[in-house]
Amino acid sequence: MITADRMTAVDRNAEALGVPRKQLMESSGNAIAREVREIADRGEKIVVVAGRGNNGGDAFVAVRFLQEYDVTVRLLGRAETIGTDIARENWEALQRSEYDTTEVTDSKNLDLPDCDLVLDAMLGTGVTGALRESEATAAEQINDSDAAVLAVDVPSGINADTGDAEGTAVKADRVVTFHETKPGLSGLDCDVTVADIGIPSAAETFVGPGDLHGVRGNVGGRVFVIGGGPYTGAPALAGQSALRAGADLSFVAAPDTVAGEIQGYAEDLIVQPYEGDRLTPEQVDGLVETAESYDDTVVLGPGLGNAGETIEATVQFLESFSGRAVVDADALPAIPDLDTEATLVCTPNSKELAELGGPEAENLRDVTDEIETLADDLGHVVLAKGATDVISDGGRTRVVRTGNTGMKVGGTGDVLAGVVAGLFGTTDAFDSACVGSYVNGRAGDLLYDEYGEGLLASDMLETVPRAIWGDDDE
């Protein structure tokens, strides 16, 4: 099954792979026509009730493949308000070819003629809430009709994810849905056909601009980086990249011996020093209290070092913490056998992946199944970093192909941890990891033409916003 939001992302990813939505619409329309032929005899009268989105566009295409039927099209609304170029093009094709079409600009003027089959193409999977006019009146007339009803993708008025309806909804006898079935269709009393419309499996496997589009405008929150001690640049990069990814505030908790140096990297960071020269168990209670009091997304690990008491402190922190955390670098040894209620994204490189109990491999794409097994065993999202990144939550696994060899330079993993944390405040763990990895690689790609192998992680701070909010083909 696939949710409405995920279906939208997959459509966009397919377009980025070279399969445009116009081509998918043609395939969808053909699939609708095939379904009509299964249930209607030649010459029977069909009425298409179409909305002004791509759901209606799919039906406009279908009309061209139904020459052997008596087809009438009712467009709900004015043609000039059709919402997408590809739906409008297919409507205009019907006009130029002199098909029987009518624009219904007022629900009072809607009169559904007698027919053998009604094709419900008013609203697709991405529309929720109660039907408005003229759709509500149309749904009532469709339900009062003696005709059979075939719905396109999902019956209008039905939530594709839940199967619920807020008010009137079309009662369909059959549904033809695309690519995969939708969760909300399982509880409906109707036959469902799932049509393959040519979306490549890569559109789901590879993270792409469709996944990114889902998080745009959905950012914010606070990030709390716990790092520093032996190293200072790593926590500063993580904190700054979280801000670039959309976090409202970024805090860094660090030993007072290095707090001033970390503050010197950027005035936008809020540095909170604690006594000592490294993280120890004595600081854990205060750090947990701070993180949970403000519902912070934690980044744990950048620059901490690998002293025994520091590893002990990271274990104590994660076992006491119940919020969201990105666990990176020096904190990763705390993960095996960890007992925690926190929601974690772990970001190991290839060497760290093996130390967590995962596979040893130069090419992570060769061991995606083993990474998925590891994530399932750990109970956390694993973002395995390599020439291509592999992300898994133990049930879902995706691959990120953005990035380049110039990003082997130190600090790019710290930028990644901060980007994931910046998204994690408003997006779930798996999607934050997928999109964070995609954005991080894209930020590096934007620099590669200029710097090549000489790019610096600090340069990526300026391209992270472009990687998120820039043009998809940039």
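Summing charges over neighbours of ALA139, with a neighbour being any other residue whose Cβ is under 14 Å away from its Cβ, gives -3 when K and R count +1 and D and E count -1. The share of accessible area on the chain that comes from carbon and sulfur is 41 percent, using a 1.4 angstrom probe.
Normalised by residue number, the volume inside the convex hull of the Cα atoms of the range 114-246 is 162 Å³ per residue.
Using the Cβ-Cβ distance between ASN109 and TYR451 with R0 = 56 Å, the FRET efficiency computed as 1/(1 + (r/R0)^6) comes to roughly 0.35.
Charge tally around PHE430: other residues with Cβ under 10 Å, Lys/Arg +1 each, Asp/Glu -1 each, net -1.
Tally the DSSP beta bridges in the chain and give the antiparallel ones as a percent, rounded to 5.
Antiparallel bridges: around 15 percent, rounded to the nearest 5.
Averaging the Cα positions of each part gives two centres, and for the range 321-380 and the range 236-254 these lie 22 Å apart. What the Cβ-Cβ distance of ASP285 and GLU180 gives, at R0 = 51 Å and to the nearest 0.05, is a FRET efficiency of 0.60. Report the full-extension gain for the segment ALA354 to ASP337: residue separation times 0.36 nm, less the Cα-Cα distance, to one decimal in nm. Contour length minus the Cα-Cα distance gives 4.6 nm. Rolling a 1.4 angstrom probe over the protein heavy atoms with all chains in place gives the chain an accessible area of 41 Å² per residue. In the range 393-474, a dipole from Cβ-located charges (positive for Lys and Arg, negative for Asp and Glu) runs towards its positive end, and of GLY395, THR463, GLY411 it is GLY395 whose Cα lies farthest in that direction.
Can you show me the helix-derived [θ] at 222 nm for the chain, built from DSSP H runs with n ≥ 4 at -39,500 (n - 2.57) apiece and divided by the number of residues, rounded to the nearest 500.
The helix contribution divided over the chain gives -11500 deg cm²/dmol.
When only the Cβ of Lys, Arg, Asp and Glu is charged (+1, +1, -1, -1), the dipole of the range 306-371 relative to its Cα centre reaches about 240 debye. Each peptide among 77-88, 204-215, 49-60 gets the average number of other Cβ atoms lying within 10 Å of its residues, and from highest to lowest they stand as 49-60, 204-215, 77-88. What are the residues whose amide H is under 5 Å from the amide H of VAL48, where those residues sit 5 or more places off or on another chain and H is modelled from the backbone? Amide H neighbours of VAL48, under 5 Å, 5+ apart: THR72, VAL73, ARG74, LEU119. Less than 5 angstrom separates the built amide H of ASP389 from those of VAL400, all sequence-distant by 5 or more or on a different chain.
Think of the chain as a dipole: +1 on every Lys or Arg Cβ, -1 on every Asp or Glu Cβ, centred on the Cα centre; then among GLY214, SER350, LEU237, GLY214 lies furthest on the positive end. For the set LYS108, LYS385, LYS171, solvent exposure ranked by accessible area (probe 1.4 Å, protein chains only) runs largest to smallest as LYS108, LYS171, LYS385.
If only the Cβ of Lys and Arg carry +1 and only the Cβ of Asp and Glu carry -1, the dipole of the chain around its Cα centre is close to 1100 debye. Taking Cβ atoms as reference points and 15 Å as the exclusive limit, the residues near GLU89 contribute a net charge of +1, counting Lys and Arg as +1 and Asp and Glu as -1.
Around the Cα centre of the range 387-446, unit charges on the Cβ atoms of Lys, Arg, Asp and Glu (plus for the first two, minus for the last two) sum to a dipole of about 180 debye.
Assuming R0 = 51 Å, can you tell me the calculated FRET efficiency for the pair ASN404 and GLN67, based on Cβ-Cβ distance, to the nearest 0.05?
According to the calculation, E is roughly 0.50.
3J(HN,Hα) along the range 251-264: 10, 10, 9, 8, x, 5, 5, 10, 4, x, 5, 5, 4, x Hz, from the Karplus curve 6.51 cos²θ - 1.76 cosθ + 1.60 with θ = phi - 60°, whole Hz, x for Gly and Pro.
For VAL298, nonlocal amide neighbours, meaning residues 5 or more places apart or on other chains whose placed amide H falls under 5 Å from its own, are PHE224, ARG324, ALA325, VAL326.
The values are calculated or read from the model by the stated rules, or taken from the named source; none is laboratory data. The shown structure was predicted, so the numbers you read here are calculated from the model rather than taken from an experiment. Positions of Cβ are backbone-derived with ideal geometry, glycine not excepted, and every protein chain shown enters the neighbour counts. These accessible areas exclude ligands, DNA and RNA; they are computed on the full protein's heavy atoms, side chains included. Shrake-Rupley method; radii C 1.70, N 1.55, O 1.52, S 1.80 Å.
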